[in-house]
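Since the structure comes first, as structure tokens, the remarks are kept for the end.
The values are calculated or read from the model by the stated rules, or taken from the named source; none is laboratory data. Since the model is a prediction, treat every value here as computed from it, not as a measurement. Cβ placement follows ideal geometry from the backbone for every residue including glycine, while neighbour counts extend to all protein chains displayed. Remember, those area values only see protein heavy atoms, side chains included, never the ligands or the DNA or RNA. Shrake-Rupley method; radii C 1.70, N 1.55, O 1.52, S 1.80 Å.
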Amino acid sequence: MEFLSRTERMISSDDIKKINSKAVLVFGLGGVGGSSVESLVRSGIGIVGIVDGEECEIKYVYRQVFATTN
């Protein structure tokens with residue numbers, strides 16, 4: 001995986017494969033959850049499930065990483 005090439009300098013490709021084989025379930029995409037999901041994906045986690053019952057509201061866009069006003 002090209003996007004993890006810099007990570008391979010710190011940990012082995014076997015370790016990257018282990019990380020990529022993992023699955024994580026995140027509840028809530030508020031201020032902490034949204035940032036956590038982004039970090040998990042960037043770290044190479046293979047499957048990220050997301051559970052959030054809220055609807056995006058314009059008054060909360062400032063704390064929702066994935067929300068836009070368009």
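Within the range 31-59, the set of residues being surrounded by 14 or more Cβ atoms within 10 Å (Cβ to Cβ), out of contact with any helix residue (DSSP H, G or I) (no Cβ under 6 Å at 6 or more places or on another chain) and assigned to a strand (DSSP E or B) comprises just one member, ILE50.
Is it the case that some residue within the range 7-28 is assigned to a loop (DSSP other than H, G, I, E, B), modelled with pLDDT of 85 or more, hydroxyl-bearing (Ser, Thr, Tyr) and open to solvent by 60 Å² or more (accessible area, probe 1.4 Å)? Yes, the range 7-28 has at least one match.
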